[in-house]
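The values are calculated or read from the model by the stated rules, or taken from the named source; none is laboratory data. As the structure is a computational prediction, the values presented were derived from the model and not from experiment. Cβ sites come from the backbone with ideal geometry, for glycine too, and all protein chains shown count toward neighbours.
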Amino acid sequence: MPKRQNELCLGRTFLLAAITVSLSLPFLGCDINDDDFDHEPPAGKGTLYVVNRTPNDCNVYIDGVEQRGVDDDDNEWYDLDPDVRRVVVDQDHTYRVFRGDVDILEGERTILELSVDPNDSNRFDAFIYFD
């Protein structure tokens, strides 16, 4: 095969591969919506989601009481009475700790998302928002 035809065939192969990959992404388990936060708070309650986007398990304390922990790269939800809650999250095998007050609103999901601070691996990046 002449060099020009070979290059054209190779280009078409790469184009076909790129199209195939892009069309198959929705079926590969890539979650690009908020389905992780589909738990509805019970009547008169609010829900706190702790989202652990780190490689270590986390221990969770709400108002000084230990709760079920959150596995690495996972999330857990906690149904709570509406109020300002003191939340502490510490991470197994690291020095990372989050301490802060979190608003729990009736009928709402409060998300506490934790990741490793890219500038200091001993700290959390913490984002709190409502879903």
Flagged in the range 49-67 as of a type in the set (A, V, I, L, M) and in contact with a Leu (Cβ under 6 Å, 6 or more places away or on another chain), in numbering order, are 50
Scanning the range 30-54 residue by residue, those modelled with pLDDT of 90 or more and hydrophobic (A, V, I, L, M, F, W, C) turn out to be 43, 48, 50, 51
Those residues of the range 62-91 which are in contact with a Cys (Cβ under 7 Å, 6 or more places away or on another chain) and in a loop (DSSP other than H, G, I, E, B) amount to 69
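Considering the range 86-113 alone, what residues qualify as being in contact with a Leu (Cβ under 7 Å, 6 or more places away or on another chain) and of a type outside the set (S, T, N, Q)?
Hits for the range 86-113 are 87, 89, 98, 102, 104, 112.
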Within the range 92-121, the count of residues that are assigned to a strand (DSSP E or B), in contact with an Asp or Glu (Cβ under 9 Å, 6 or more places away or on another chain) and buried (at least 17 other Cβ atoms within 10 Å of the Cβ) comes to 7
Scanning the range 79-107 for residues that are of a type in the set (Asp, Glu) and within 15 Å of residue 57 (Cβ to Cβ), the one modelled with the lowest pLDDT turns out to be 92
Kindly establish whether residue 65 is at pLDDT 95 or above and surrounded by fewer than 17 Cβ atoms within 10 Å (Cβ to Cβ).
yes
Per the filter on the range 77-87, residues surrounded by 17 or more Cβ atoms within 10 Å (Cβ to Cβ) and more than 14 Å from residue 100 (Cα to Cα) are 77, 78, 80
